[in-house]
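Asks: The structure that follows is given in the form of structure tokens.
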Amino acid sequence: MRKQLPKDFVIGGATAAYQVEGATKEDGKGRVLWDDFLEKQGRFSPDPAADFYHRYDEDLALAEAYGHQVIRLSIAWSRIFPDGAGAVEPRGVAFYHRLFAACAKHHLIPFVTLHHFDTPERLHAIGDWLSQEMLEDFVEYARFCFEEFPEIKHWITINEPTSMAVQQYTSGTFPPAETGHFDKTFQAEHNQIVAHARIVNLYKSMGLDGEIGIVHALQTPYPYSDSSEDQHAADLQDALENRLYLDGTLAGDYAPKTLALIKEILAANQQPMFKYTDEEMAAIKKAAHQLDFVGVNNYFSKWLRAYHGKSETIHNGDGSKGSSVARLHGIGEEKKPAGIETTDWDWSIYPRGMYDMLMRIHQDYPLVPAIYVTENGIGLKESLPAEVTPNTVIADPKRIDYLKKYLSAVADAIQAGANVKGYFVWSLQDQFSWTNGYSKRYGLFFVDFPTQKRYVKQSAEWLKQVSQTHVIP
Ligand code: BGP
């Protein structure tokens, strides 16, 4: 039988400022942590990305025409406060007013993220999420946005705090590209949870007419075998990436088991426990009781087996299938069981992982009022046919197949009781990927980057049907 989605289930596409806007040197925008890092790497540039800074109206018109009701956007902190704090750049403020007005014109409800991996350079240089000054400035930037943009009714504090902390200090794929610093990773995780909590509490104290949530990257870690050692490795991986965030933001306290797993990882690596105060924990508790929704970004799952050697990670950043390595001392080694399908970037295709994560939140975190799937999609190597007209529709059967399987898993979770209210495909249009550049395309709409022309993909037509009928064909 064809699976159904609830009638009030909303569908849309996701974007992030740095990945779509381009125009990184325009209208007084300040520098962010990625600018120097990418320049030094010399692999790819964040300009022009999808040139959304100038072409947002065209993309919003496509979203509307293809049946979307919602859209995920982020505000580039450094367009508003080029230095992270202090003087406001009015041209940045004006841009977001224009963008949000265009959303209204195209009947799209924006879900707006305050921090999507783009810390202003000055704050990154003084420690990023490890710096208390950054936390203070982030809260003030949030306050400014809440007062300045009353047209926004759905706010997201931070996008994927785990991706930031783990990739900054454990695997080294995000600047400052440090590896093996589990102590910094957990301290950054806790600090992000505190910053998120203070902002939720601030928002609620302002009595504003809207909702606020957070977006987590949640990949289910499964044991590679049924041995207790592999199960324990999966639990440790879960503690690194998921548990602290789930406990802190959704339950308002760190469970003793979560803290014990973290202490075990730190002890194995001879690193100190992260610091937290009673005042911070009180703020965390208060925020969890006031949170309106949690966003789940789920693309793939992981399998862990016991490993006692040195930490070693190799990132597959160019689509060379099978080149990834992830072995962490004190945690375990990632290894996919035979038969698990993967993308060219070694991401497993495992919709069951989406179902299990949605059900875990539903069952283990009863304070959570609502869940949105805020990112899901597949990165593919795609190109334009030799002959194109503006009406050319690009065939992307793999994406349709992926979306169908994952949306079906979402429908199953709803059927089983999870309150999932909407789904955002990553991504609306092809865009720039932090560690993979421009060859990993996720969009419902193809962007020919040299000309910036847009072409519809078949997946956009498929999703329009879902959005209009609430049936997954
Ligand atoms: C999430 C991020 C997005 C996006 C997506 C795809 O982690 O929130 O910003 O980039 O993943 O990831 P990637 O670009 O690494 O393939």
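The values are calculated or read from the model by the stated rules, or taken from the named source; none is laboratory data. All values reported here derive from a predicted model rather than from experimental measurement. Note: ideal-geometry Cβ built from the backbone for every residue, glycine included; neighbour counts use all protein chains shown. Areas reflect the complete protein model, heavy atoms only, side chains present, ligands, DNA and RNA absent. Shrake-Rupley method; radii C 1.70, N 1.55, O 1.52, S 1.80 Å.
Asks: Residue check, Leu358 against (1) out of contact with any Pro (no Cβ under 9 Å at 6 or more places or on another chain); (2) surrounded by 13 or more Cβ atoms within 10 Å (Cβ to Cβ); (3) farther than 30 Å from Gln290 by Cβ, all met but one. Which one?
Replies: (3)
Asks: Among the residues of region 396-418, which ones are closer than 22 Å to Lys321 by Cα and part of a loop (DSSP other than H, G, I, E, B)?
Replies: Across region 396-418, the qualifying residue is only Asp396.
Asks: I've got another one for you. Would a scan of region 1-10 turn up a residue that is away from the ligand (no atom under 15 Å from the Cβ), aliphatic (A, V, I, L, M) and open to solvent by 60 Å² or more (accessible area, probe 1.4 Å)?
Replies: Yes: one or more hits.
Asks: What are the residue pairs meeting all of these: first residue in region 366-378, first residue more than 30 Å from Pro397 (Cα to Cα), second residue within 16 Å of the ligand (Cβ to nearest atom), Cβ atoms under 7 Å, and 6 or more apart or on different chains?
Replies: So the pair list comes out as Val368/Val294.
Asks: Within region 363-405, how many residues turn out to be within 16 Å of the ligand (Cβ to nearest atom), under 23 Å from Trp155 (Cβ atoms) and not hydroxyl-bearing (Ser, Thr, Tyr)?
Replies: Qualifying residue count for the region: 4.
Asks: Separate question: Please work out which residue is farthest from Lys440 (Cα to Cα), limiting yourself to region 325-352 and to residues that are surrounded by 17 or more Cβ atoms within 10 Å (Cβ to Cβ) and of a type in the set (Ser, Thr, Tyr).
Replies: Tyr350
Asks: Something else about it: Considering each of Ser205, Ser171, Ser228 in turn, give the residue that is closer than 22 Å to Leu304 by Cβ and either out of contact with any Ser or Thr (no Cβ under 9 Å at 6 or more places or on another chain) or at pLDDT below 95 (or both).
Replies: Exactly one residue qualifies, and that residue is Ser228.
Asks: Restricting to region 406-448, name every residue that is of a type in the set (A, V, I, L, M) and within 13 Å of the ligand (Cβ to nearest atom). Outline the logic, then answer.
Replies: We begin by selecting, within region 406-448, every residue of a type in the set (A, V, I, L, M); these are 407, 409-411, 413-414, 416, 418, 420, 425, 428, 444, 447.
Those that are of a type in the set (A, V, I, L, M) and within 13 Å of the ligand (Cβ to nearest atom): Val425, Leu428.
Asks: Here's something else I'd like to know. With the structure loaded, tell me whether Ala460 is touching a residue at least 60 places away in the same chain (Cβ under 8 Å), more than 15 Å from the ligand (Cβ to nearest atom) and part of a loop (DSSP other than H, G, I, E, B) or whether it fails that test.
Replies: no
Asks: Another question about this same structure. Give me a count of the residues in region 22-54 that are open to solvent by 70 Å² or more (accessible area, probe 1.4 Å) and touching a residue at least 12 places away in the same chain (Cβ under 8 Å).
Replies: So the count comes out to 4.
Asks: Which of the residues belonging to region 208-222 are closer than 16 Å to Cys145 by Cβ, open to solvent by less than 20 Å² (accessible area, probe 1.4 Å) and small (Gly, Ala, Ser)?
Replies: Once the filter is applied, which keeps residues that are closer than 16 Å to Cys145 by Cβ, open to solvent by less than 20 Å² (accessible area, probe 1.4 Å) and small (Gly, Ala, Ser), region 208-222 yields only Gly213.
Asks: Being in contact (Cβ under 8 Å) with a residue 12 or more places away in the chain, crowded, with 21+ Cβ neighbours inside 10 Å and not polar (S, T, N, Q): is that true of Tyr423 here?
Replies: So Tyr423 fits the description; yes.
Asks: Residues that are within 29 Å of Asp27 (Cα to Cα), more than 16 Å from the ligand (Cβ to nearest atom) and of a type in the set (S, T, N, Q): does region 153-173 have at least one?
Replies: The answer is no; no qualifying residue exists.
Asks: Restricting the search to region 186-206, which residues are under 14 Å from Tyr276 (Cα atoms) and either touching a strand residue (DSSP E or B) at 6+ places or on another chain (Cβ under 7 Å) or open to solvent by less than 20 Å² (accessible area, probe 1.4 Å) (or both)?
Replies: To start, the set of residues in region 186-206 that are under 14 Å from Tyr276 (Cα atoms) comprises 186-195, 197.
Scanning region 186-206 gives Phe186, Ala188, Glu189, His190, Asn191, Gln192, Ile193, Val194, Ala195, Ala197.
Asks: Being farther than 15 Å from Phe182 by Cβ and either in contact with a Cys (Cβ under 7 Å, 6 or more places away or on another chain) or open to solvent by 50 Å² or more (accessible area, probe 1.4 Å) (or both) is the filter here; which residues of region 308-319 pass it?
Replies: His308, Ile314, His315, Asp318 - these are the residues of region 308-319 that are farther than 15 Å from Phe182 by Cβ and either in contact with a Cys (Cβ under 7 Å, 6 or more places away or on another chain) or open to solvent by 50 Å² or more (accessible area, probe 1.4 Å) (or both).
Asks: Turning to a different aspect of this structure: Residue check: is Ile109 open to solvent by 70 Å² or more (accessible area, probe 1.4 Å), modelled with pLDDT of 95 or more and either within 16 Å of the ligand (Cβ to nearest atom) or under 22 Å from the mean Cα position of the chain (by Cα) (or both)? Walk me through it before giving the result.
Replies: Numbers: open to solvent by 70 Å² or more (accessible area, probe 1.4 Å): yes; modelled with pLDDT of 95 or more: yes; either within 16 Å of the ligand (Cβ to nearest atom) or under 22 Å from the mean Cα position of the chain (by Cα) (or both): yes.
Considered against the rule, which asks whether it is open to solvent by 70 Å² or more (accessible area, probe 1.4 Å), modelled with pLDDT of 95 or more and either within 16 Å of the ligand (Cβ to nearest atom) or under 22 Å from the mean Cα position of the chain (by Cα) (or both), Ile109 comes out as yes.
Asks: Tally time: how many residues in region 383-403 are open to solvent by 30 Å² or more (accessible area, probe 1.4 Å) and either farther than 11 Å from Ile349 by Cβ or in contact with a helix residue (DSSP H, G or I) (Cβ under 8 Å, 6 or more places away or on another chain) (or both)?
Replies: Result for region 383-403: 13.
Asks: Give Ala287, Ala234 a once-over and let me know the one that is open to solvent by less than 40 Å² (accessible area, probe 1.4 Å) and touching a Pro at 6+ places or on another chain (Cβ under 7 Å).
Replies: Just one listed residue meets the conditions, Ala234.
Asks: Determine the pairs where a residue that is at positive phi, located within region 178-189, has a partner that is assigned to a loop (DSSP other than H, G, I, E, B) with Cβ atoms under 6 Å apart, the partner being 6 or more residues away or on another chain.
Replies: The qualifying pairs are Gly180/Ser311.
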